[in-house]
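**Q** I'd like to ask some things about the structure below.
The values are calculated or read from the model by the stated rules, or taken from the named source; none is laboratory data. The structure displayed is predicted, hence computed values, not measured ones. Virtual Cβ from ideal backbone geometry, glycine too; neighbours counted across all protein chains shown.
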Number of protein chains: 2
Amino acid sequence: MPERENERCFRELCSGKPILYGVRPAGEVLAILSESRTLLHAGPPITVDRLCGPVRGALECAIVYEKWAKSYEAAGQMLERGEVRIEPTHHHHFVGPVAGVVSPSMWVFCVKNENDENWAYSPLNEGMGRALRFGAQGEDVLKKLGFLGQVVGPVLAEAVQRSGGINLKRIMQKALEMGDECHNRHEGARLLFLAELLPHSLNVPHPSTALREVCKFIAGHYYFFVNLSMAACKAMTDAMGTIPGSSLVTVMARNGTDFGIRVAGTGDRWFTAPCQRIEGVCFTGYTNADGNPDLGDSSVTETAGLGAFAMAAAPAISKYIGGTPADLTRQTLEMYQITEGEHPDFRIPALDYRGTPTGIDIRKVASTGITPIINTSISHKQAGIGQIGAGRTRAPLSCFQEPVAALDEVGSGELRTTFNYSPSCRGVAS
Amino acid sequence: MPERENERCFRELCSGKPILYGVRPAGEVLAILSESRTLLHAGPPITVDRLCGPVRGALECAIVYEKWAKSYEAAGQMLERGEVRIEPTHHHHFVGPVAGVVSPSMWVFCVKNENDENWAYSPLNEGMGRALRFGAQGEDVLKKLGFLGQVVGPVLAEAVQRSGGINLKRIMQKALEMGDECHNRHEGARLLFLAELLPHSLNVPHPSTALREVCKFIAGHYYFFVNLSMAACKAMTDAMGTIPGSSLVTVMARNGTDFGIRVAGTGDRWFTAPCQRIEGVCFTGYTNADGNPDLGDSSVTETAGLGAFAMAAAPAISKYIGGTPADLTRQTLEMYQITEGEHPDFRIPALDYRGTPTGIDIRKVASTGITPIINTSISHKQAGIGQIGAGRTRAPLSCFQEPVAALDEVGSGELRTTFNYSPSCRGVAS
């Protein structure tokens, strides 16, 4: 019976304790990035010829930022000739919003799940408007990356070190009481983070102008916390590891061309389907038709029981992604039909502190036809432009049907002997 | 017809623009405090012999803090002999939470309503636990006051001055999107305030230890923002002034013995009734029976369309004051029956951004029998103890019936000639 395995998987997911312990250049964390000129991208694996516009734009921009090429055109040729390798973030315990591109000079949050001793990483967020993660290119985009690398990264690194660790789960729990859903709304979370870091920041021997800029950046940047939320969720979802017989989703991510999931019972195998369109609210001058299909690793928040799965906690997000607060609550309630349980720590005040629907079960998705809802931003489909709005989408149904068949084909007894347990499952009786 | 006057009154109330421009010792703002040994207290006027325990305790503590007496006993005797005068906060454009006691050395927020050029003042909040405002006494209470006077006041004063003014209405608008109701929950508001003040604080030539302490105090103190919310609401409600014929409530305040209101159409006259009991959640070891009846000026927030009138925006407050989120929403909805309109700026996301019920109309209260709901904290009824919980109460009905009779007795034509217009009504055609 899959229930026992799913219960175990759910417990691993919910008991995660993500702590931010460091902020470091990505190349220090993952040596292959600089040693073999590798860039990470969001979602399942993909070849260069199938890249969507925003991811290609972001990769080219990262190559120019790293000074591996002098022009975006030359950068594109390096990608095509294979002189720069690309690999999925998820293959290295990374997650990145939208294009999810990580290059060695980018500073990353280093988050440890204290419960399972596993680590997860996410780059710092560049700010709103034209930004690399949306596939934008240009001097303004490079300047934002430079500010992160030269000012924000070093100031945060020292403050985080002095703090002894910032408990991200506690911040996210409180944020749910402050109208955030921890994917597309972070008005509470980023201020809670700032308030927690501040006493340590004030000990940092930096010129106060740098600290002032960093504080303003954190307080004023709508999406500052999304990368922390994502790294925390990655640390929690990775703890599910491989659990033979379990039908819970461990990864749900998009590269803008393919939507891919991984399931605890089928380990590292990806199940993919074309990314779906996003329905949302576009900035003036754009329509949903200009948008690239759904893109990014940020659906790691929904995989952990947040984001659209917690929208009932965030009525004010309706202004940003569309719909009415009543719609958003209905959609959160719908997700209880396809999940294993209610999160013991992430709770929704407006639903009388009911735990968020958590642990997407592919069997329930396949049998009900109800697919996970995902809150997301909308990138222009062409390389080099950027964000044009935000909205909601659904995961494609076939992604969930295929692994059900795979689970059914192989007896769970056989799976037990043929699957490798991930390190995070040590100590769990089989 | 009273409608035209009420519309005018409602417009004056809603168009307020409260800006925090200064933080100064109360004695500098109101000379009589030090010149003639005067203390302010919350609510309508009262004689010393009728003071409730917490207000008497707070007045004695303030006398010791000012070094006008060496013991609380001697302080009590000074009050009884009239050697220290007491006056209502509202007679001087002040408001204070709970006992509402203000003495000359206490630092106060100075808030200007840019729309009407009127000022309002409120002392800094001392923090949770044992505090003067709840009637507590002792070295720990005096130490908190000393920290406000020597550290918090001066640091804030410089930062606020350098900021050029902090827009409190904008903070309160955002806070309603972050699960605050701006009376008994301020999780968003105090962090928004901190984030706005921070860049200016980092310019202040104070030792960083002082700034660190102040930042931690603001970020960590549940009730830090209530005094700012109250001063902002006082600045907005005072703008209604005296408008003959208007049946809207301009002041609603409690001294722990008497509940008092003022009405735009009857000017400075107080209408009072005994304070009601509070139903709420008590700290371990106490029951509602230990609580003093309803107390404080903080009902200025409900008078301005916030607090219990905005509870539907704050489902998480149910943990603190009791009830379920559904109860709280129902009670907010009930308040639309006794108010003039929906606030154009204070909006409730969960009600699809409907404006909060604003402008309490004594005629509607009297005809429906529905009395204003007030969120409040619970003080122990004995002097010297402190806060024992938080909950909700109702304003007493007779307070609203009496002024209806008073309005009916006098023709509005006669009122127009006999009433003095308050300065805030300049420019309003009669």
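**Q** Out of all the residues in region A:218-264, which are within 14 Å of chain B (Cβ to nearest Cβ), surrounded by fewer than 23 Cβ atoms within 10 Å (Cβ to Cβ) and not in a helix (DSSP H, G or I)?
**A** Across region A:218-264, the qualifying residues are A:His221, A:Tyr222.
**Q** What number of residues within region B:152-187 are within 15 Å of B:Gly355 (Cα to Cα) and among the aliphatic types (A, V, I, L, M)?
**A** 3
**Q** Out of (1) within 19 Å of the chain's Cα centre (by Cα); (2) within 25 Å of B:Thr324 (Cα to Cα), the odd one out for B:Cys282 is which?
**A** Among (1) within 19 Å of the chain's Cα centre (by Cα); (2) within 25 Å of B:Thr324 (Cα to Cα), B:Cys282 violates only (1).
**Q** Also, I was wondering about something else. Do we have any residue at all in region B:158-167 that's in a helix (DSSP H, G or I), over 30 Å from A:Pro205 (Cα atoms) and more than 11 Å from chain A (Cβ to nearest Cβ)?
**A** no
**Q** Which ones in region A:308-322 are touching a residue at least 24 places away in the same chain (Cβ under 8 Å) and buried (at least 20 other Cβ atoms within 10 Å of the Cβ)?
**A** A:Ala308, A:Phe309, A:Ala310, A:Met311, A:Ala312, A:Ala313, A:Ala314, A:Pro315, A:Ala316, A:Ile317, A:Ile321
**Q** Now for a different question. Select from region B:179-196 the residues that are in contact with a strand residue (DSSP E or B) (Cβ under 9 Å, 6 or more places away or on another chain), more than 9 Å from every other protein chain (Cβ to nearest Cβ) and not in a loop (DSSP other than H, G, I, E, B) and list them in ascending order.
**A** Listed by number, the list holds a single entry, B:Phe193.
**Q** As an exercise: evaluate A:Asp49 against (1) touching a Gly at 6+ places or on another chain (Cβ under 8 Å); (2) surrounded by fewer than 17 Cβ atoms within 10 Å (Cβ to Cβ); (3) not basic (Lys, Arg) and give the number of the one condition it does not meet.
**A** (1)
**Q** Of everything in region B:197-217, what is within 8 Å of chain A (Cβ to nearest Cβ) and either crowded, with 17+ Cβ neighbours inside 10 Å or part of a helix (DSSP H, G or I) (or both)? Give them in sequence order.
**A** B:Leu198, B:Pro199, B:Leu202, B:Ser208, B:Leu211, B:Arg212, B:Cys215, B:Lys216
**Q** On to the next question. Among the residues of region B:305-318, which ones are farther than 15 Å from B:Leu13 by Cβ and within 14 Å of chain A (Cβ to nearest Cβ)?
**A** Result: B:Met311, B:Ala312, B:Ala313, B:Ala314, B:Pro315, B:Ala316, B:Ile317, B:Ser318.
**Q** Still on this model: What residue, of B:Thr329, B:Thr272, is hydroxyl-bearing (Ser, Thr, Tyr) and either out of contact with any strand residue (DSSP E or B) (no Cβ under 8 Å at 6 or more places or on another chain) or within 14 Å of chain A (Cβ to nearest Cβ) (or both)?
**A** The conditions single out B:Thr329.
**Q** Restricting attention to region B:331-346, which residues are closer than 15 Å to B:Val365 by Cβ and in a helix (DSSP H, G or I)?
**A** Hits for region B:331-346 are B:Gln331, B:Glu334, B:Met335, B:Tyr336, B:Gln337, B:Ile338.
**Q** For region A:1-47, name all the residues that are in a helix (DSSP H, G or I) and within 22 Å of the chain's Cα centre (by Cα).
**A** If the condition is that a residue be in a helix (DSSP H, G or I) and within 22 Å of the chain's Cα centre (by Cα), then A:Cys9, A:Phe10, A:Arg11, A:Glu12, A:Leu13, A:Cys14, A:Ala26, A:Gly27, A:Glu28, A:Val29, A:Ile32, A:Leu33 are the ones that fit.
**Q** Here's a follow-up. For the structure I just gave you, tell me whether A:Gly322 is of a type outside the set (A, V, I, L, M) and within 14 Å of another protein chain (Cβ to nearest Cβ).
**A** Against the criterion (of a type outside the set (A, V, I, L, M) and within 14 Å of another protein chain (Cβ to nearest Cβ)), A:Gly322 qualifies.
**Q** Here's another thing I want to ask about it. Would you point out which residue out of B:Val84, B:Val23, B:Val111, B:Val29 is β-branched (Val, Ile, Thr), in contact (Cβ under 8 Å) with a residue 60 or more places away in the chain and in contact with a Ser or Thr (Cβ under 9 Å, 6 or more places away or on another chain)?
**A** Testing whether each residue is β-branched (Val, Ile, Thr), in contact (Cβ under 8 Å) with a residue 60 or more places away in the chain and in contact with a Ser or Thr (Cβ under 9 Å, 6 or more places away or on another chain) leaves just B:Val111.
**Q** Which of the following residues is modelled with pLDDT under 95 and assigned to a helix (DSSP H, G or I): A:Val141, A:Val155?
**A** A:Val155 is the lone residue from the list that is modelled with pLDDT under 95 and assigned to a helix (DSSP H, G or I).
**Q** Right, next: Suppose we filter A:Ile374, A:Ile378, A:Ile370, A:Ile360 for residues that are closer than 21 Å to A:Arg4 by Cα and away from every other protein chain (no Cβ under 14 Å); which single one remains?
**A** A:Ile360
**Q** Say whether the condition of being among the hydroxyl-bearing types (Ser, Thr, Tyr), away from every other protein chain (no Cβ under 14 Å) and surrounded by fewer than 24 Cβ atoms within 10 Å (Cβ to Cβ) is met by at least one residue in region B:286-304.
**A** Looking through region B:286-304, at least one residue is among the hydroxyl-bearing types (Ser, Thr, Tyr), away from every other protein chain (no Cβ under 14 Å) and surrounded by fewer than 24 Cβ atoms within 10 Å (Cβ to Cβ).
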